[in-house]
Structure formats: structure tokens, C-alpha cells
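The values are calculated or read from the model by the stated rules, or taken from the named source; none is laboratory data. As the structure is a computational prediction, the values presented were derived from the model and not from experiment. Every residue, glycine among them, receives a Cβ derived from its backbone with ideal geometry; neighbour counts consider all protein chains shown. Each accessible area value is taken on the protein alone, full model and side chains, heavy atoms only, with ligands, DNA and RNA left out. Shrake-Rupley method; radii C 1.70, N 1.55, O 1.52, S 1.80 Å.
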Amino acid sequence: MSQRVLLTSKEVHIILHRLACQLIENHGDFENTVLIGLQPRGIFVAQRLEKILKEDYGVDGLKLGLLDITFFRDDFRRNPNPLEANKTTIDFIVEDKNVVFIDDVLYTGRSIRAALTAIQSFGRPANVELLTLIDRRFSRHLPIQPNYRGRQVDVINGERVVVCWKENEEEDVVYLINQ
């Protein structure tokens, strides 16, 4: 098994700021926009973006929710091990709001399809966008593309993209692992 660094801590920092600026360009004061981090790994990207938007760019009134999609996935019954759901924390209605789903890696698109189904429990959004730190091109099972992408990478089937966060793995780094 070999690994190489796709993004260093500095590159992750720069990309997150660029993504925050793109969100500001498209959503202004976020009055009609909510951010939804997808459990489990998308929440780290979402929380980082929330912090950048509030502290560095002075965005007030930003709404951030965390959405668990475990039992909305079309493949959850195929796992031989019992699944453990994460917590959904959305204390607002998404009816007629612009929703930005946030995830760390876009791979097959199945997580996003599940999120589209799960979010309906909180209202009907006016618009849904997707922000992802890493876009694994050539891996889609569904016709889903991000509106905002940090880095697009071409990854073959025997390779994995692993995103590490300072909060969990003590460093911000993205690896490409060849198994």
C-alpha cells in the first residue's frame, strides 16, 4: 500500500477560503441560503467553512445543519455489519431556501442522491447546490456534479482518497492511497 499527498495543510486552507469566497459571490448575505454538512465526513468541511465565513468574512446569520443519510442510502442493506447512524441537527426549515450540501469527497454520487431524499423531511428547497472538497472524476454511478469543487482528481478503482482533519487526525491533509 502506498500513499501520496494530494493536498497539504496550506493547500486545504487556501481551497477552503476560495470556496468560501465563491459561496459569498453566489449567496451574498446568506439570508435565503442554508449550509448542510453531510454526515459523517462532510461536517468537517461545513464547520470549517462556517468558521471562515463568520470570522474572516463577517457573514452574520449563517445557518448550518448536519444531515445523516445512513438509512436513505440505496446500499445500506448490503452491508453485513450493523450500521450506526449519526445525528441529524437541522433546527430550521429549508422550505423555499437555497440549500448547499457540503461533503468531503464526491465519488459515486449515491450519498448526494440520499441527501436529496433526506432533506425533503425539512421542507422543499428552492434550489440545491453541491460543494465538495474533492471531486473524484470518472467514478460516478449517477449524473451528479458539484457546483463548487476544491480539487478535481482522476482516481482509478484501486485507489482511495482520504481526507484527514486537524480535529480528528491532528493534521489537515488529503492522501491518495493505492491499495
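The residue list Ile156, Ile102, Ile177 contains one member that is open to solvent by less than 10 Å² (accessible area, probe 1.4 Å) and hydrophobic (A, V, I, L, M, F, W, C), which is Ile102. For segment 132-143, the condition of being β-branched (Val, Ile, Thr) and open to solvent by 80 Å² or more (accessible area, probe 1.4 Å) holds for none of the residues. Taking first residues from segment 153-179 that are without any contact (Cβ under 8 Å) to a residue 40 or more places away in the chain and partners that are small (Gly, Ala, Ser), the Cβ contacts under 7 Å between residues at least 6 apart in sequence or on separate chains come to Val155/Ser139.
Taking the conditions exactly as written (modelled with pLDDT under 95 and β-branched (Val, Ile, Thr)), does Val99 satisfy them or not? So Val99 fails the test. Can Asp104 be described as modelled with pLDDT of 95 or more, touching a Lys or Arg at 6+ places or on another chain (Cβ under 8 Å) and either of a type in the set (A, V, I, L, M, F, W, C) or closer than 27 Å to Ile15 by Cβ (or both)? So Asp104 passes the test.
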